1. Return the residues of the stretch A:152-189 that are in a helix (DSSP H, G or I), touching a Ser or Thr at 6+ places or on another chain (Cβ under 9 Å) and either facing chain B (nearest Cβ under 9 Å) or in contact (Cβ under 8 Å) with a residue 24 or more places away in the chain (or both); say none if nothing qualifies.
2. Considering the stretch A:129-142 alone, what residues qualify as being over 16 Å from A:Val115 (Cβ atoms) and touching a residue at least 24 places away in the same chain (Cβ under 8 Å)?
3. Considering each residue of the stretch B:338-375, count those that are facing chain A (nearest Cβ under 9 Å) and at pLDDT 90 or above, and give that number.
4. When you look at C:Arg250, is it in contact with a Gly (Cβ under 8 Å, 6 or more places away or on another chain) and charged (D, E, K, R), yes or no?
5. Being over 22 Å from B:Arg410 (Cβ atoms), aliphatic (A, V, I, L, M) and buried (at least 20 other Cβ atoms within 10 Å of the Cβ) is the filter here, so list the residues in the stretch B:443-465 that pass it.
6. With a cut-off of at least 2 residues that are free of Cβ contacts under 8 Å to residues at least 12 places away in the same chain, name the helices (runs of 4 or more DSSP H) lying wholly within the stretch B:48-163.
7. Can you tell me how many residues in the stretch B:319-368 are of a type outside the set (S, T, N, Q), within 19 Å of B:Asp504 (Cβ to Cβ) and surrounded by fewer than 16 Cβ atoms within 10 Å (Cβ to Cβ)?
8. Restricting the stretch B:35-47 to residues that are outside any loop (DSSP other than H, G, I, E, B) and of a type in the set (A, V, I, L, M, F, W, C), which is nearest to the other protein chains (Cβ to nearest Cβ)?
Amino acid sequence: MSLHPLTALTAACCAAVVTTAAASWQLSVAVALAAALLAARAGVAARVLAAAGVILAPLFLSLLVLHGLFFLEGHTVLAQWGPARVTAEGLGFALELGTRTAACVLLLLLFSFTVSVPDLVTALAARRIPPQLSFVLASTLILVPAMAGRLEKIRQAQEARGLVVGRGPLSRLAAARLQAVPLVLGLVEDAGLRAQALDARGFGLPGPRTSYRQLQDPPAQRIFRAAALLLAAAAVVLRLMTAWPTAVPS
Amino acid sequence: MADGGALVSAASASARIRSFSFHGDAAAALRDIRISFLPGTLTAVLGGSGSGKSTLGKLLAGWLRPGHSGVMRGSLALGAERLDFDGGSGDPRINPAVWSARVGYVPQDAAAIISTVRSNVAEELAFGLENRGVPRPEMIRQVARVAEQTGLSGLTERDPAELSGGELRRLAVACAVIAGPEVLVLDEPMASLDAAGASGLRNLVAGLLDAGTAVVVLSQRADVLARSAGRWIILDGGTAVADGSPADLQEGAALRDAGVVQEGGAAGMPGTLPAPPALPAVLELRGIGFGYGAGTPRGGAGPGPAGDPARAAVLRDLDLTLRAGEIVAITGPNGAGKSTLLRHANGLLRPQTGDVVVAGTNIAGVPAGRIAARVGVLFQQPRDQLFERTVLREVSFGLRRLAGAGAGDRAQEALAAVGLAGAAQAHPAELPSSQQRLLALATVLARRPAVIALDEPTVGLDRPGLERLQHAVTGAAARGAGVVMVTHDLAYARANAHRVLALDGGNLREL
Amino acid sequence: MSQQPLTLPAADTRAGAPRRRRLLEIAGAAAIAATNVFLVLNQPADIANGPASFSALVALGGFLLGAVLLLAAVLPVLPTSTLVLMPVAIVLNVVLGQLMGSTGLPFYLDAIGTVLIAVLAGPAAGAATGVLGSIVWSFFNPTVLPFAAGAALIGFLAGLAARAGLFRRFYFAPVAGFLTGVLAGVVSAPIAAFVFGGTAGLGTGAIVSAFRAMGDTLLAAITKQALISDPMDKAIVFTIAALLAYALPRRTTFQFAFVRRFRVLAGKVPADPAA
């Protein structure tokens, strides 16, 4: 059975919301592991984990330094060097936040690396989401790899004109400027032509649209989506009720 | 000027353009043009680079809109409806979605009409229908009909980004045709199409004419398609300088003065050039072997689109010797590896086996930017090579380091060699495409390299452009530079090179 | 199909639509502002008792709601010529950001495209680009999604600066960027503090640590860090965007009605197209 893109999106977002509301590192770790496992089953584990690693590694390090050494609110001091104190509370705080972010990042990456963009665009169109949104989404995702190729071509063309990129930051900055100008110019010019083409093909028309591509949306998935949304809403309400600030601090 | 009445009521479309200028431009891009198209007729609008062909085509088709894109004085008419413009704020505003459905336009760069957000050819075709809210059953019927008509039936499931040049051009035409236009404007439809692509397109045009569509072809070459037109309009400097049947205009001065390339006629001197004196070699390729894929030394060159080309070797044990003062042309079918070969000359690609020797020195390990002092390369996309604010700055870039105090003179000299001395203060991006290519050539010439490598230098050049190119190339060779060019234009190669080689199966052979 | 009129009506006749859009815009801005005030007033004094899950939910919900409302107000009325620039701007944010990253300089410069659009097409387009850019970028890096409101603010303020003529002089652009950075820092600090509990970079993390060591609350420390980094970064971003805008040929920049109408760029006075 194939998953409707909105079902996958709802599942990922609701799981992220529930994890955030639950505020339990055990649950966060479990969710993160589950997401990694699903990624492995979908055959995208390597890409998801690599992307997550790039995002999370600096964040983890930063959290560890910040809360591991400088957590003023901590009482249980484990070690101390001058102004820096390692506290149990600080380490716990870093762990809670680190795992929570990791779980949410993995869930959303799992969604974006498994979803079929054309299906997502079709699904959004059927939900009366402005077509401009899906256009920008799809167009950008296509432009990213194309851009890398274009930048490489510009670099080659400029090297052939005798542009030598030196080692120093200033030299690299100058090279970046020289590459950026034809890149931006070319893209802005192409965009102008593309706008004319899209307008000619009726993209600017306000009226209702139809869709050539069709998606299966089985009733079971609709029910699942409604249930997931209810669950997430319940989790949020519960958290808000238990933690509502009783008094505004003076 | 007489007003009204001149518009032929039977015409599908007509235009009377007193002037049209882009916002921010002092000069008018078009002026004094009267034009009308009858159903089922083929009209060719011929003119050199920068003559205003594309501007005219886009204006007719609602891609450029009076008021929105520029200031227009004159009138545009579709069927019985006529819109008058006087450049003021009270002018009618064209609805592009409705106008373009009746006058279709296929741009020179066919990829520009593709929405890029649809995953296969059928969905791409349906894009325009979806936006107009056409019910799905009707949409499926129309997509099938137009795919059949344009020869795309077997390709409906393909990703538009992976089509060949000819297929992409047909898809672009299909995207315009599916709206059922009364007039279809094709901008340089034959450019860079191989023989099969060209004949496919001509059949398509014939079918459209039979169905009663008025077809307008914009071209800077009097090619097969243009010669089959019933009527020619010659544009020069944004205005119509001649209007009549091809037979009347074919031999006239207007065609030549407008810079239109006469196809079939020799683009240069007949016969190959006399052999140059035997001077020492400036570029030697010795036993070059190269293939894309696992063993590519530049493999880490960034996260390009996934999927390496076939691992098969592109070049196999290839030898080439280029002597000073010699012009060598290399031809071969698309995908034979011509551009790959050229990129070895200046170190942008490194051979997996064999050596590249420039002026007696093996260039292995020398950065490409340093090799550029002795080897200049002109790429297919001149725009990628240009990055400065003015033409003069562009040519002067990095020249002082190379030529010291003589840099200014060299820059002027190079500009004069390609005929751009008068445009020194223009913005490179605002030059017509033909002149952009010549400017890129000037940046190479100004450095006076020992080896000049040209990648498809003739594509997109109009007649004056071709003459300047030929002049600059022979001039450089006379000065002692070795010139190697790859081109698919065998006639040009034969007329302008000392030797013509064919790249075939990874190897060069004399033709 | 040929029954449709070839021309557009002289003026926008849909009288109800602008008011609805205006309401959406105000609601979106109010949601962002209210969330910010609420978070600052109710910042948990007791983060030792566990991560600020409550504040995280409020921050995420409030800021995302505001961003989506703004998008819903602006997106349907943007002309196609602006819309097609957005993918370019979003990719520029990314690619130029990475290009700068390879130079090893300590700036992120991930708003250049947003500011460029704002300069060419105005505040509404800038704000929409900020939000859409965050949504699209979150496909690769979900941690940027919560900062959508801040990105919208940057685009909006850059557009206002362009309209006011601050891009006509080179020394005004960085000043406008600096001020934008101050506001952007204030808006994004609660997100960093409550959703992520810190900053993503080691350098910025060290600055936050220093303020924490001096006894600041987490939010105060991150806000102070943001007030050091963001204005500097945005001053550079505005300058680069101005350089790019001036490098574009005149015919290209003049295609944008916003540039023509407000004389956004110096030395580019509309020529008189006399016949």
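The values are calculated or read from the model by the stated rules, or taken from the named source; none is laboratory data. Please read these numbers as outputs of a predicted model, since none were measured by experiment. Note that each Cβ is placed from the backbone with ideal geometry, even for glycine, and that neighbours are counted across all protein chains shown.
1. If the condition is that a residue be in a helix (DSSP H, G or I), touching a Ser or Thr at 6+ places or on another chain (Cβ under 9 Å) and either facing chain B (nearest Cβ under 9 Å) or in contact (Cβ under 8 Å) with a residue 24 or more places away in the chain (or both), then A:Leu185, A:Glu189 are the ones that fit.
2. A:Pro131, A:Phe135
3. Residues in the stretch B:338-375 being facing chain A (nearest Cβ under 9 Å) and at pLDDT 90 or above: 1 in total.
4. Considered against the rule, which asks whether it is in contact with a Gly (Cβ under 8 Å, 6 or more places away or on another chain) and charged (D, E, K, R), C:Arg250 comes out as yes.
5. The answer is B:Leu461, and nothing else.
6. Here the list reads B:121-131, B:136-149.
7. 3
8. Step by step, filter the stretch B:35-47, then rank; the result is B:Phe37.
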